[in-house]
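As structure tokens, the structure follows; a few thoughts come after it.
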Amino acid sequence: MPNLPARFAEKRRILQLETLYDLALALHANRPEQELVDELLQRVVPVLDPAAAVAVTREPWGGARAAATVGWAGEPPSGDTLLEEPLWRELLTEGRLLARRGGSFAGRPFAELVATPLAYRGVFLGFLAFVDKEVRGDGEEPSFSDDDRRFLDSVAALAGVALDSLRNVERLETQRERLAEENKALRGRLVDELAGQRIVAQAPEMRQILEVVERVAPRGVNVLVRGESGTGKELIAKLLHLLSGREGALVALNCAALPESLLESELFGIEGGVATGVQARSGKFELADGGTLFLDEIGDMQPSVQAKLLRALQEREVVRLGGAKPIPVDVRLVAATHRNLEQRVEEGSFREDLYYRLKGVEVHLPPLRERRQDIPHLVRHFNEEFCTREGIPVPPIRSEALALLMAYDFPGNVRELQNLVEGAISLSEGEVSADLVRSLLGAAEKQGPEPLDLATLERRHIGRVLDMTDGNKTAAARILGVDRKTLQRKGF
């Protein structure tokens, strides 16, 4: 007759080994701790065959984090209840598997109990407990064998490592989320400070743009920044350069400010002796070598210069005006325009091949009227910046005044808002009132779509006050908070 007990014991050992292998795979999956504890108990119970079993883990500060039970009649004990049992304190003291005969655990009487702590590197994370071996077959009272105890030790070791790894992943994920939130908050409050200028971005549209800028900046791709005048295209160019890591300089040139002949020499340089008294001079491409070249108002560039710009970008070299020798350049180009380039391409005033060369990545800056939630933050920033520069106290801005600014469309965008804020501060008497802002906005609407400069705002406001006083300069000076000589000095 075959030795049945030996064959049965061998099968149990194989089952235990297979379970340990499966556990090693299952427990190291990245998932919630409660699911891990459930899986642990579901796989171990069929092997040890207890009448009841529990698995519980605790938080670092002592409360229960996850708990699972099997075979409990009625309401199963909670995780906190299990951690209040004397068994848990014994496991903490002994630090190893314990076996007990006769007693009560979590309100359940038992004939036999085995329990083991779940720990890793001296840190106790929870425990497993198994109550009474199930009676099978011949009705003899079974008990947990030495093989069962060794198996349980192996299970606890695997579970301890898995729990510690899971919690490390959770800690890292929490840190990542916290850092992401901190980064988001910093970007929302004040994204960057560029040569004394700041990009203020609370509006979701601007945050998305800044995220694109951060991703694109380290790459060498050309960037086309589009938006109305005054939206901050030059600031975006500065941010792209600062985040690019390029060691060369940021060199800027306004293509609309120069006639064709001067623009060409400014871009590509000029050789000495081209004309009487002309000395050799490097162009913006050479000056930006290893850095970034920012071409503002690219849509106003003349077609003949466009052709030479395209050649320089394709060949990565320039030839000075009047010269013959190519000069290699390593330049990252950022171009900006408020023009409709697609329409200009159709009209034939802008080269299509240059258009596609420029728009490696496009960044569209929204007008201020489409990001109104940034207005209060911009007002506060311009208020503090102007007063710091002028060495004067920062005046409060009345909520009614801010409401007027929030409702205004600002055809000149952020630049116009800055001029209005600085004008209001200059003309305020201790605070920026709604009447003062209303007066300045009225002057701006009369001016038309072009943004007002500070001097124009000041003159218009003084003129309105003089109208109110029927030309009485003494009364006007009293209202404005200045003396009469100041009005005379300003031409009134």
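The values are calculated or read from the model by the stated rules, or taken from the named source; none is laboratory data. This one's a predicted model, so the numbers in the text were calculated from it and none came from an experiment. All Cβ positions, even for glycine, are placed from backbone atoms using ideal geometry, and neighbour counts span all protein chains on display. Protein only, heavy atoms only, side chains kept; ligands, DNA and RNA dropped before computing areas. Shrake-Rupley method; radii C 1.70, N 1.55, O 1.52, S 1.80 Å.
Can you work out the Karplus-derived ³J(HN,Hα) for every residue in the range 323-333? Use 6.51 cos²θ - 1.76 cosθ + 1.60 with θ = phi - 60°, whole Hz, and x for glycine or proline.
Once rounded to whole Hz, the list reads x, 10, 8, x, 10, x, 9, 10, 10, 9, 9.
How large is ³J(HN,Hα), in whole Hz, for each residue of the range 145-150 in order, when computed from phi with the Karplus curve 6.51 cos²θ - 1.76 cosθ + 1.60 and θ = phi - 60°, using x for Gly and Pro?
For the range 145-150, the Karplus-derived couplings read 8, 4, 4, 4, 5, 5 Hz, x marking Gly and Pro.
Provide Ile14, Ile397, Ile199 ordered by accessible surface of protein heavy atoms (probe 1.4 Å), highest first.
Correct descending sequence by accessible area is Ile14, Ile397, Ile199.
Take the Cα of Ser426, step 7 Å along the line toward its Cβ, and report every residue of the range 392-419 whose backbone nitrogen sits under 12 Å from that point.
Backbone N within reach: 419.
Can you give the extra length, in nm with one decimal, that the chain gains between Ala324 and Arg215 once fully stretched, where that is 0.36 nm per residue apart less the Cα-Cα distance? Provide the component values of the computation, followed by the final result.
Working: separation 109, 0.36 × 109 = 39.24 nm, distance 3.86 nm.
Going from the current span to full extension adds 35.4 nm.
Leaving ligands, DNA and RNA out of it, rank Trp88, Trp72, Trp61 by accessible area with a 1.4 Å probe, largest first.
Per-residue accessible area, sorted high to low, gives Trp61, Trp72, Trp88.
Among the GluC sites (Glu not before Pro) in the range 48-107, which ones are in a DSSP loop with at most 15 other Cβ atoms within 10 Å of the Cβ? Mind listing them?
Passing both the DSSP loop test and the Cβ count: Glu84.
Beta carbons within 10 angstrom, averaged per residue: use that to sort the peptides 159-168, 352-361, highest first.
Ranking, from highest mean packing down: 159-168, 352-361.
Which net charge results when you count Lys and Arg as +1 and Asp and Glu as -1 among the other residues whose beta-carbon is under 13 Å from that of Pro395?
So the environment of Pro395 carries a net charge of -3.
Which FRET efficiency value, to the nearest 0.05, do you get for Asn472 and Arg316 by plugging their Cβ-Cβ distance into 1/(1 + (r/R0)^6) with R0 = 45 Å? Write down the numbers at each step before the final one.
On the way: r = 68 Å, r/R0 = 1.50.
Efficiency at R0 = 45 Å is approximately 0.10.
Points 7 angstrom from Cα along the Cβ direction at Glu134 and Arg31: gap in nanometres?
If labels sit at Glu134 and Arg31, their model points lie 2.2 nm apart.
Just to confirm the filter: which trypsin sites (Lys or Arg not before Pro) across the range 51-108 are DSSP coil and have at most 12 other Cβ within 10 angstrom of their Cβ?
Arg96
Using the structure shown, list the pairs from Lys233/Lys490; Lys238/Lys308; Lys233/Lys359; Lys233/Lys308 with a Cα-Cα distance above 22 Å, or answer none.
Listed pairs above 22 Å: Lys233/Lys490; Lys238/Lys308; Lys233/Lys308.
Work through the residues other than Arg344 whose Cβ is under 14 Å from its Cβ and net out their charges, Lys, Arg +1 and Asp, Glu -1.
Combined, the nearby Lys, Arg, Asp and Glu give -3.
Please list, in chain and number order, the residues 5+ apart from Leu365 or on another chain whose amide H is under 5 Å from its amide H, with Hs placed from the backbone.
Result for Leu365 returns Arg226, Gly227.
Pull out the extension gain between Gln42 and Tyr356, defined as 0.36 nm times the separation in residues minus the alpha carbon to alpha carbon distance; nm, one decimal.
Details: separation 314, 0.36 × 314 = 113.04 nm, distance 6.14 nm.
This chain segment gains 106.9 nm when fully extended.
Would you grab the residues whose amide H sits under 5 Å from the one on Ala119? Only those 5+ places off in sequence or on another chain, please, with H modelled 1.01 Å from N.
For Ala119, whose amide H was placed from the backbone, the distant partners under 5 Å are Leu125, Gly160.
So for the pair Ile392, Arg121, with labels modelled 7 Å out along Cα→Cβ, what separation do we get in nm?
Rounded to a tenth, the inter-label distance reads 6.1 nm.
Using a Förster distance of 56 angstrom, determine the FRET efficiency expected from the C-beta separation of Thr486 and Glu247, and round it to 0.05. Each step should come with its number before you reach the end.
On the way: r = 50 Å, r/R0 = 0.89.
E(calc), rounded to 0.05, equals 0.65.
Based on the Cβ-Cβ distance from Glu75 to Arg207, what FRET efficiency comes out when R0 is 51 Å, to the nearest 0.05?
Working: r = 50 Å, r/R0 = 0.98.
Calculated transfer efficiency: 0.55.
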